[in-house]
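K.L.:
Following this message is one structure expressed as structure tokens.
The values are calculated or read from the model by the stated rules, or taken from the named source; none is laboratory data. Just so you know, these numbers come straight off a predicted model, no measurement behind them. Positions of Cβ are generated from backbone atoms using ideal geometry, with glycine treated the same way; all protein chains shown enter the neighbour counts. Areas reflect the complete protein model, heavy atoms only, side chains present, ligands, DNA and RNA absent. Shrake-Rupley method; radii C 1.70, N 1.55, O 1.52, S 1.80 Å.
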Amino acid sequence: MALNVLVVDDSAVMRSIIIKTLRLGGLNLGKILQASNGQEALDILDENWVDLALVDINMPVMTGEEFIEQVRRQRETADLSILVVSTEGSSRRIEAVRRMGAEFLHKPFTPELLRETVVRITGVENEQIDSESIVQRRGYDF
Ligand SMILES: [Mg+2]
């Protein structure tokens, strides 16, 4: 199964870095969709099947926390795998995100750590992963 991924971040540069890091991790990716805030992300979820959302916290219009709340509230999206990727250091906000059933990953992160986290929360099969490319690129960071 190829993962359809939605990357939500108000920084276009950060979205590109996250997508590049996903690719370097060797995951079997399907459609890659992008949104610059939570509201745009909700609109995309209305019209696309997404397996995993990678979500920033601090965004204009609708924050990551507000987005997760909305997603969990709607039956069609309630079970979406969500990974919050942020430089946010506040343990209160990190805890709040985890209570809403999302995993948290600090920026910056390696392709390997991102891959491991994605595999864990989506249950995507390990055999789909090209582990050779991971070993060769170990140490890559941004
Ligand atoms: Mg931001």
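K.L.:
So which residues in the range 34-67 are without any contact (Cβ under 8 Å) to a residue 60 or more places away in the chain, more than 14 Å from the ligand (Cβ to nearest atom), crowded, with 18+ Cβ neighbours inside 10 Å and under 21 Å from residue 120 (Cα atoms)?
P.N.:
Residues satisfying the conditions are 50, 53.
K.L.:
May I ask you to list the residues in the range 113-142 that are at pLDDT 90 or above and open to solvent by 40 Å² or more (accessible area, probe 1.4 Å)?
P.N.:
Hits for the range 113-142 are 113, 116, 120, 121.
K.L.:
Filter the range 68-96 for residues that are charged (D, E, K, R) and away from the ligand (no atom under 15 Å from the Cβ); which is most open to solvent (accessible area, probe 1.4 Å)?
P.N.:
Within the range 68-96, the match that is most open to solvent (accessible area, probe 1.4 Å) is 75.
K.L.:
Condition first: open to solvent by 30 Å² or more (accessible area, probe 1.4 Å), touching a residue at least 12 places away in the same chain (Cβ under 8 Å) and within 16 Å of the ligand (Cβ to nearest atom). Now tell me which residues in the range 1-33 satisfy that.
P.N.:
Once the filter is applied, which keeps residues that are open to solvent by 30 Å² or more (accessible area, probe 1.4 Å), touching a residue at least 12 places away in the same chain (Cβ under 8 Å) and within 16 Å of the ligand (Cβ to nearest atom), the range 1-33 yields 10, 11, 12, 14, 15, 17.
K.L.:
Which of the numbered conditions does residue 52 fail, given that it passes all the others? Conditions: (1) modelled with pLDDT under 95; (2) among the hydrophobic types (A, V, I, L, M, F, W, C); (3) closer than 29 Å to residue 24 by Cβ.
P.N.:
Of (1) modelled with pLDDT under 95; (2) among the hydrophobic types (A, V, I, L, M, F, W, C); (3) closer than 29 Å to residue 24 by Cβ, only one is false for residue 52: (1).
K.L.:
Hey, can you tell me all the residues within the range 1-18 that are farther than 15 Å from residue 82 by Cα and of a type in the set (Val, Ile, Thr)?
P.N.:
13, 17
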